[in-house]
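*Asks:* Quick one: the structure is below, questions incoming.
The values are calculated or read from the model by the stated rules, or taken from the named source; none is laboratory data. Remember, predicted model here, so these are calculated numbers, not experimental data. Every residue, glycine as well, gets a Cβ built from its backbone with ideal geometry; the counts of neighbours run over all protein chains shown.
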Amino acid sequence: MKFLRVVAWMLCGLAAIALIGFLIAAWIYRDIPAAELETKYGNQESRFMNVAGVRIHYRDEGPHEAPVIVLVHANFASLLGWAPWVEALKDSYRVVRFDMTSHGLTGPDPTGDYTLERTMEITEKFIDAMGIDKFTMAGTSLGGTVSVLYDHRNPGRVKRMILLSPGSLEGKQQKARGNVPDSAYILKYIMPKALPEFMLRSGFGTKRELSDELIDRWYELWMRDGQREAQLDRLRQYDSGDIESVYRQLDIPVLLLWGEANTTAKFEQAEEVMHLLENAASIKFISYPGVGHMAVQEAGAEIAVDVREWLDAQVAIANESETSPD
């Protein structure tokens, strides 16, 4: 009996130590207040708008009378990653970008709904609220899925599409492999900086060295109030449905861009996507040696040169068509 009492005391002691350790770790990895992050990562171009009950962070740059391009970021990222594209385009284009819910300075959706249906509802209402009618849409990874779905749901509004390593097919494969386990929700309380650093490193190829500044930004934005749980909920609720048929119905000019060192949405998927785009008005495909899935962060300025060239040509064709006599 004495031995059992000793064992019981030892187990209680270990449990107490574990609890204390967990509480200390949870304190170390506590959420960062939204206001603090808005001060650090917002700027004079940052705006906020209530859309479908969500306070959306967005930026709207360039001449308002110019052709419009809407940029949709990847999962885990934010509108900040588009900076090289904005710099390359904003002299002649109105460039609109926004943070999806569970991302950036927008943060969690009060409804707790992160399905693609809810994401599309917010995206559509945001674009309507911005007074945008006809425009170019560009998306990377999850943003590519959102872009092709937007065109499918709003025919005639998107005039041309730019897809950078769209993650639609990879998303279906991940869903087929299984859901986010309950154990993953420990990240709500304990999330070391090594996790976003690992994701970034695995998403980079060999084009550019990963900077401490980018790691810090990703980590801190993930640590926003409620963001970790919201992102896990988005992963758990993700279902792209019959995305293949959506691609097949795309009938506008498409610029398809892909990093050859992409190990997430593997480079081989580019051929499958081009096959699905069989009804597109035109397709231009450009690949980038040494560039991974995080292509916006890794080679944004390089890719933006090609985007600008293609976009200028497409707008010129459209303008010529509008002014040509019948």
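*Asks:* Have a look at Gly171, Gly139 and point out the one that is at pLDDT below 95, in the same structural domain as Asn319 (by TED's automatic domain parsing), of a type outside the set (Phe, Trp, Tyr) and closer than 23 Å to Val291 by Cα. Show your work before the answer.
*Replies:* Values: Gly139 fails: at pLDDT below 95.
None of the other options fit; the residue is Gly171.
*Asks:* Could you go through region 260-271 and let me know if any residue there is touching a strand residue (DSSP E or B) at 6+ places or on another chain (Cβ under 9 Å) and surrounded by fewer than 16 Cβ atoms within 10 Å (Cβ to Cβ). Let's see the steps before the verdict.
*Replies:* Just the residues of region 260-271 that are touching a strand residue (DSSP E or B) at 6+ places or on another chain (Cβ under 9 Å), to begin with: 260-262, 264-265, 267, 269-270.
Then drop every residue that is not surrounded by fewer than 16 Cβ atoms within 10 Å (Cβ to Cβ), which leaves 260.
Among the residues of region 260-271, at least one is touching a strand residue (DSSP E or B) at 6+ places or on another chain (Cβ under 9 Å) and surrounded by fewer than 16 Cβ atoms within 10 Å (Cβ to Cβ), which makes the answer yes.
*Asks:* Can you tell me which residues in region 33-51 are part of a strand (DSSP E or B) and not β-branched (Val, Ile, Thr)?
*Replies:* Filtering region 33-51 down to residues part of a strand (DSSP E or B) leaves 46-51.
Ser46, Arg47, Phe48, Met49, Asn50, listed by residue number.
*Asks:* Residue under question is Gly144, and the condition is that it be in contact with a helix residue (DSSP H, G or I) (Cβ under 8 Å, 6 or more places away or on another chain), over 28 Å from Pro84 (Cβ atoms) and modelled with pLDDT of 95 or more; does it hold?
*Replies:* Values: in contact with a helix residue (DSSP H, G or I) (Cβ under 8 Å, 6 or more places away or on another chain): yes; over 28 Å from Pro84 (Cβ atoms): no; modelled with pLDDT of 95 or more: yes.
So Gly144 fails the test.
*Asks:* Which residues, counting only those in region 195-222, are surrounded by 21 or more Cβ atoms within 10 Å (Cβ to Cβ), of a type in the set (Phe, Trp, Tyr) and part of a helix (DSSP H, G or I)?
*Replies:* Once the filter is applied, which keeps residues that are surrounded by 21 or more Cβ atoms within 10 Å (Cβ to Cβ), of a type in the set (Phe, Trp, Tyr) and part of a helix (DSSP H, G or I), region 195-222 yields Trp218, Trp222.
*Asks:* Considering (1) in contact with a helix residue (DSSP H, G or I) (Cβ under 7 Å, 6 or more places away or on another chain); (2) without any contact (Cβ under 8 Å) to a residue 24 or more places away in the chain; (3) under 24 Å from Ile56 (Cβ atoms), say which one Thr119 fails and leave the rest.
*Replies:* All conditions pass for Thr119, except number (2).
*Asks:* Quick check on region 36-44. Is at least one of its residues touching a helix residue (DSSP H, G or I) at 6+ places or on another chain (Cβ under 9 Å) and farther than 21 Å from Tyr219 by Cβ?
*Replies:* Looking for residues that are touching a helix residue (DSSP H, G or I) at 6+ places or on another chain (Cβ under 9 Å) and farther than 21 Å from Tyr219 by Cβ, one finds none in region 36-44, hence no.
*Asks:* Tell me which of these Thr39 doesn't satisfy, since it passes every other one: (1) surrounded by 10 or more Cβ atoms within 10 Å (Cβ to Cβ); (2) of a type in the set (Val, Ile, Thr); (3) modelled with pLDDT of 50 or more.
*Replies:* Every condition holds for Thr39 apart from (1).
*Asks:* Among the residues of region 177-194, count how many are exposed (fewer than 12 other Cβ atoms within 10 Å of the Cβ) and not in a helix (DSSP H, G or I). Show your work before the answer.
*Replies:* Here is the first cut: in region 177-194, the residues exposed (fewer than 12 other Cβ atoms within 10 Å of the Cβ) are 177-178, 181-183, 194.
Next, from what is left, pick out any that are not in a helix (DSSP H, G or I): 178, 181.
Qualifying residue count for the region: 2.
*Asks:* Restricting attention to region 125-134, which residues are surrounded by fewer than 20 Cβ atoms within 10 Å (Cβ to Cβ), farther than 18 Å from Pro108 by Cα and touching a residue at least 12 places away in the same chain (Cβ under 8 Å)?
*Replies:* Start the filter on region 125-134 by keeping residues that are surrounded by fewer than 20 Cβ atoms within 10 Å (Cβ to Cβ), which leaves 125, 128-134.
Next, from what is left, pick out any that are farther than 18 Å from Pro108 by Cα: 128-134.
Residues satisfying the conditions are Ala129, Met130, Ile132, Asp133, Lys134.
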